[in-house]
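Chemist: Take this structure first; my questions come after.
No value in this document is a laboratory result; all are computed from the given coordinates. Being a predicted model, the structure only gives us computed values, none of them experimental. Cβ placement follows ideal geometry from the backbone for every residue including glycine, while neighbour counts extend to all protein chains displayed.
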Amino acid sequence: MEELKFIRPTKEYEEQAYEYIKEFNDYNSNINGVGGLKHYIGDYDGWLKKLEEDRTRTTIGDEVPAETFFLIRENDNKLLGIINIRLALNDRLLQSGGHIGYGIRPTERKKGYASYQLYCALEFCKEMGLENVLITCNKDNIGSAKTIQNSCGVLENEIIDPTNGKILQRYWVNVDKALEKGIEKYNNKLNIKY
Ligand SMILES: CC(C)(COP(=O)(O)OP(=O)(O)OC[C@H]1O[C@@H](n2cnc3c(N)ncnc32)[C@H](O)[C@@H]1OP(=O)(O)O)[C@@H](O)C(=O)NCCC(=O)NCCS
């Protein structure tokens with residue numbers, strides 16, 4: 001796999017971030033794990049400020065402490081994916097949202113990027129002291145289910161997704177176990193630059 005980097009969003013990627021959202025819309029794809037970016041079209045600075053608020057939040061209420069990262073391909077500096085990590089669960093997240101939401105832009109799918117991006121996120125989770133993380137996906141979202149299974153996700157149960165009425169799978173990922181597998185797979189080459 002090419003060189004990839006996993007970074008916090010910066011001003012440099014403003015234009016690309018909006019192109020990313022546009023591509024999802026053009027392909028009529030679900031937008032997931034963008035840390036609210038789709039609600040900040042035209043206000044990138046406001047979005048960066050919101051991310052800072054997410055990052056520095058200390059309370060667990062309707063909103064919880066959270067971080068958002070970009071996956072960037074080094075050779076063309078392209079934004080490939082965005083992932084949002086909730087560092088604590090409230091009742092809603094425990095039931096259906098989980099700790100992590102993510103996406104890969106439609107034109108760059110099925111190249112292993114989601115699996116790599118999730119490993120980077122799990123590395124961050126480990127640093128933040130999370131031992132087990134909950135990741136959920138709709139049962140018919142095969143690409144996402146496989147991404148979670150690639151990280152040794154263990155299916156706890158299936159429930160009705162309160163957001164769309166579909167079957168939702170709830171997986172628990174043991175962070176250490178997943179990272180052990182990831183380190184072997186990626187040759188200890190996760191390129192994480194928080
Ligand atoms: C789900 C998503 C993140 C997968 O991204 P991706 O970069 O294509 O995933 P990967 O390339 O890492 O693929 C992981 C596995 O799923 C498989 N896969 C990916 N998309 C697939 C699809 N549409 N159908 C069947 N299998 C698929 C891959 O072949 C790979 O299998 P393998 O590990 O056995 O080889 C991407 O489709 C996406 O952004 N979807 C919209 C947002 C979304 O649904 N996010 C998840 C919310 S729970």
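Chemist: How big is the convex hull of the Cα atoms of region 78-194, per residue, in Å³? Don't skip to the answer; put the middle values down first.
Modeler: Working: hull volume 12.4 nm³, N = 117.
Convex hull of Cα atoms, per residue: 106 Å³.
Chemist: In whole Å, what three semi-axes, largest first, describe the equivalent ellipsoid of region 108-177 built from its Cα gyration tensor (square root of 5 times each eigenvalue)? Don't skip to the answer; put the middle values down first.
Modeler: Numbers: eigenvalues 87, 49, 18 Å².
So the three semi-axes of region 108-177 are 21, 16, 9 Å.
Chemist: Can you spot the aspartates and glutamates whose alpha carbon is less than 14 Å from residue 50's alpha carbon? Ignore those fewer than 8 places along the same chain.
Modeler: Leaving aside aspartates and glutamates fewer than 8 places away in the same chain, those within reach of residue 50 are 63, 67.
Chemist: Show that you can apply the helix-only estimate: for the chain, add -39,500 (n - 2.57) for every DSSP H stretch of four or more residues, divide by all residues, and state [θ] at 222 nm to the nearest 500. Walk me through the numbers on the way to the answer.
Modeler: Working: 5 runs with 61 residues, N = 194.
The per-residue figure over the chain is -10000 deg cm²/dmol.
Chemist: I would also like to ask the following. Under Stokes-Einstein, with the Kirkwood radius over Cα pairs standing in for Rh, what whole-number D in µm²/s applies to region 30-89 at 10 °C and 1.306 mPa s? Write out the running numbers ahead of the final one.
Modeler: On the way: Rh = 12.5 Å.
Roughly 127 µm²/s, to the nearest whole number.
Chemist: Oh, and also: Tell me the Kirkwood radius of region 10-162: reciprocal of the mean inverse pair distance over distinct alpha-carbon atoms, in Å. Could you put the intermediate results ahead of the total?
Modeler: Working: mean 1/r = 0.0622 Å⁻¹.
Value: 16.1 Å, from the Cα pair sum.
Chemist: Work out which helices of the chain, taken as complete DSSP H runs, extend at least 20 Å along their axis over the Cα atoms and score a mean Kyte-Doolittle of -0.5 or more, then list them. Intermediate values should be presented prior to the final figure.
Modeler: Values: long enough: 113-127 (21 Å, -0.01).
Qualifying helices: 113-127.
Chemist: Evaluate the charge dipole of region 92-167 about its Cα centre and quote only its size in Debye, nearest 20, assuming +1 on the Cβ of each Lys and Arg and -1 on the Cβ of each Asp and Glu. Provide the component values of the computation, followed by the final result.
Modeler: Working: 9 positive and 8 negative charges, 72 e Å.
In debye, rounded to 20, region 92-167 gives about 340.
Chemist: Please report 82, 7 as a ranked list, fewest other C-beta atoms within 10 angstrom at the top and most at the bottom.
Modeler: Numbers: 82 26, 7 17.
Ordered from fewest to most neighbouring Cβ atoms within 10 Å, 82, 7 come out as 7, 82.
Chemist: How far apart, in nm, are the 7 Å Cα→Cβ label points at residue 1 and residue 156?
Modeler: Once both label points are built, they end up 2.6 nm from each other.
Chemist: Of all alpha-carbon pairs in region 2-66, indicate the percentage at a distance above 20 angstrom.
Modeler: Numbers: 744 of 2080 pairs.
In whole percent, the long-distance tail amounts to 36.
Chemist: Regarding region 69-126, what are the three Cα extents along the principal axes, ordered largest first, in Å?
Modeler: Over region 69-126, Cα extents along the principal axes are 40, 23, 15 Å.
Chemist: Express in nm, to one decimal, how much length is gained between residue 26 and residue 184 on full extension, taking 0.36 nm for each residue of separation and deducting their alpha carbon distance.
Modeler: Working: separation 158, 0.36 × 158 = 56.88 nm, distance 3.64 nm.
So the extension gain works out to 53.2 nm.
Chemist: With +1 on each Lys and Arg Cβ and -1 on each Asp and Glu Cβ, and nothing else charged, work out how big the dipole of the chain is about its Cα centre, in Debye to the nearest 20.
Modeler: Here the size comes out at about 400 debye.
Chemist: Which lysines does residue 177 reach when only Cα atoms under 25 Å apart count, and residues fewer than 8 places away in its own chain are ignored?
Modeler: Residue 177 reaches 5, 110, 111, 126, 139, 146, 185, 189, 193.
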